[in-house]
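**Q** The following block contains the structure, expressed as structure tokens.
The values are calculated or read from the model by the stated rules, or taken from the named source; none is laboratory data. What you see is a predicted model, and the numbers here were worked out from it, not measured in a lab. Cβ placement follows ideal geometry from the backbone for every residue including glycine, while neighbour counts extend to all protein chains displayed. What goes into the accessible areas is simple: the full protein's heavy atoms, side chains included, and nothing from ligands, DNA or RNA. Shrake-Rupley method; radii C 1.70, N 1.55, O 1.52, S 1.80 Å.
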Amino acid sequence: MTGLIDTHVHLDFFDTPAAVVMRARQHGVAQFVIPGVAPAAWPALIAIAEAEPDVWIAPGVHPQAAGQWTRQAEALLQDILAHPQTVAIGEVGLDKQVNCPLDQQEQVCRQMIALAREHHLPLLLHVRRATDRLLTLLREAGRGELTGIIHAFSGSLETAEQFIDLGFSLGIGGVLTYPEATRLPDVVRQVPADRLVLESDAPDMTPHPHRGRPNHPAYLPLIAESLARIRCWSLEQTIQITTDNATNLFRLT
Ligand SMILES: [Zn+2]
């Protein structure tokens with residue numbers, strides 16, 4: 001049977017990534033993409049990916065680390081983007097809730113967008129309370145120029161459609177499993193099937209019924225089950241569709 005792809009999992013935040021990967025594999029998760037949040041985190045990403053098959057990396061600069069984007073970091077990133085296990089640039093974007101000036105975040109985000117175009121790589125986008133500004137930056141790059149995932153999507157249908165129109169897929173995470181969630185299931189029901197991918201965002205965003213404890217990629221099937229219910233797909237169909245979507249997006253073979 002096809003395995004799930006966790007398109008956003010911070011394996012480097014765990015003490016024993018190999019054990020986390022093994023447990024997730026036992027629950028049907030076959031492949032993993034680790035986003036890099038800051039230059040200091042990139043070497044660990046490479047180490048984890050080189051030690052495990054089917055683990056891919058997405059080095060980038062998270063908005064909260066925008067101050068760490070230096071010439072040296074840029075040179076290092078250029079090197080890592082050539083690594084055979086690099087499949088995307090992430091996680092990058094804008095976040096009004098972090099302690100870093102938005103102008104500086106925008107400057108770094110623009111450079112990440114330029115690198116994505118230069119290297120023909122998808123972007124893993126992170127956005128909080130700055131969606132319109134991020135959409136503006138993406139539009140500057142031009143329609144059809146970018147692909148990627150809007151990570152931990154929980155916005156409106158209108159916002160989803162704008163990201164989809166710009167070439168992005170929706171990263172669907174633990175929020176979909178919350179019994180009180182109404183807007184996200186509604187959005188997920190209406191967007192094109194080929195724009196849905198799954199992500200744990202572990203160790204954050206723990207799905208129901210494990211909330212209050214650290215998240216784990218082994219819980220990814222819970223999100224697949226919610227998606228299956230909402231779309232009236234079988235679980236097998238859900239796994240096939242989301243895995244095909246992620247495989248095409250990251251050009252995994
Ligand atoms: Zn993340």
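**Q** Just the number please: accessible area per residue for segment 4-250, 1.4 Å probe, all protein chains included, in Å². Walk me through the numbers before you get to the answer.
**A** Working: 10390 Å² over 247 residues.
Using a 1.4 Å probe on heavy atoms only, each residue of segment 4-250 averages 42 Å².
**Q** Right, something else. Using a Gaussian network model on the chain with a 10 Å cutoff between Cα atoms, which of Pro203, Pro217, Pro84 fluctuates the most?
**A** Highest fluctuation of the listed residues: Pro84.
**Q** Using +1 at the Cβ of each Lys and Arg and -1 at the Cβ of each Asp and Glu in the chain, identify which of Thr147, Val29, Tyr178 lies farthest towards the dipole's positive end.
**A** Projecting each Cα onto the dipole axis, the largest value belongs to Tyr178.
**Q** Considering amide H positions built from the backbone, and no H for Pro or chain starts, which residues 5 or more places from Gly93, or on another chain, come under 5 Å of its amide H?
**A** The answer is His126.
**Q** Just for the chain, what percent of DSSP beta bridges are antiparallel, to the closest 5? Could you put the intermediate results ahead of the total?
**A** Values: 0 of 22 bridges.
The answer is about 0 percent antiparallel.
**Q** Using the Karplus curve 6.51 cos²θ - 1.76 cosθ + 1.60 with θ = phi - 60°, what ³J(HN,Hα) values do you get for each residue of segment 24-31, in whole Hz, with x for Gly and Pro?
**A** Karplus-based 3J(HN,Hα) across segment 24-31 equals 5, 4, 5, 9, x, 9, 9, 9 Hz.
**Q** For Leu123, enumerate residues with amide H under 5 Å from its amide H, sequence gap 5+ or separate chain, H modeled in the peptide plane.
**A** Amide H neighbours of Leu123, under 5 Å, 5+ apart: Ile89, Thr147, Gly148, Ile149.
**Q** Where the accessible area of the chain is counted over protein heavy atoms with a 1.4 Å probe, how much of it, in %, is carbon and sulfur?
**A** Working: 5400 of 10990 Å².
The nonpolar share, carbon plus sulfur, comes to 49 percent.
**Q** Between Ala44 and Val98, what length comes free when the chain is fully extended (0.36 nm per residue of separation minus the Cα-Cα distance, one decimal in nm)? If you can, show how the numbers build up before the last one.
**A** Working: separation 54, 0.36 × 54 = 19.44 nm, distance 2.35 nm.
Result: 17.1 nm gained on full extension.
**Q** So how much slack lies between Gln72 and Ala18, counting 0.36 nm per residue of separation and subtracting their Cα-Cα distance, in nm?
**A** Numbers: separation 54, 0.36 × 54 = 19.44 nm, distance 2.98 nm.
Answer, rounded to one decimal: 16.5 nm.
**Q** Moving on to the next point. Can you compute the helix-only [θ] at 222 nm over the chain? Use -39500 (n - 2.57) per DSSP H run of at least 4 residues, normalise by all residues, nearest 500 deg cm²/dmol. Write out the running numbers ahead of the final one.
**A** Numbers: 9 runs with 105 residues, N = 253.
It comes out at -13000 deg cm²/dmol, rounded to the nearest 500.
**Q** Quick one: if you stick a label point 7 Å off each Cα along the C-beta vector at Ala82 and Gln107, how many nm between them?
**A** 2.7 nm
**Q** Let me ask something additional. Rounded, prolate or oblate: which one fits segment 4-250, using the alpha carbon gyration tensor with axes a ≥ b ≥ c (rounded when a/c is under 1.5, else prolate when a/b beats b/c, else oblate)? Don't jump to the answer; show the numbers that get you there.
**A** Numbers: a/c = 1.58, a/b = 1.19, b/c = 1.33.
Oblate shape, in that a/c is at least 1.5 and b/c is the bigger or equal ratio.
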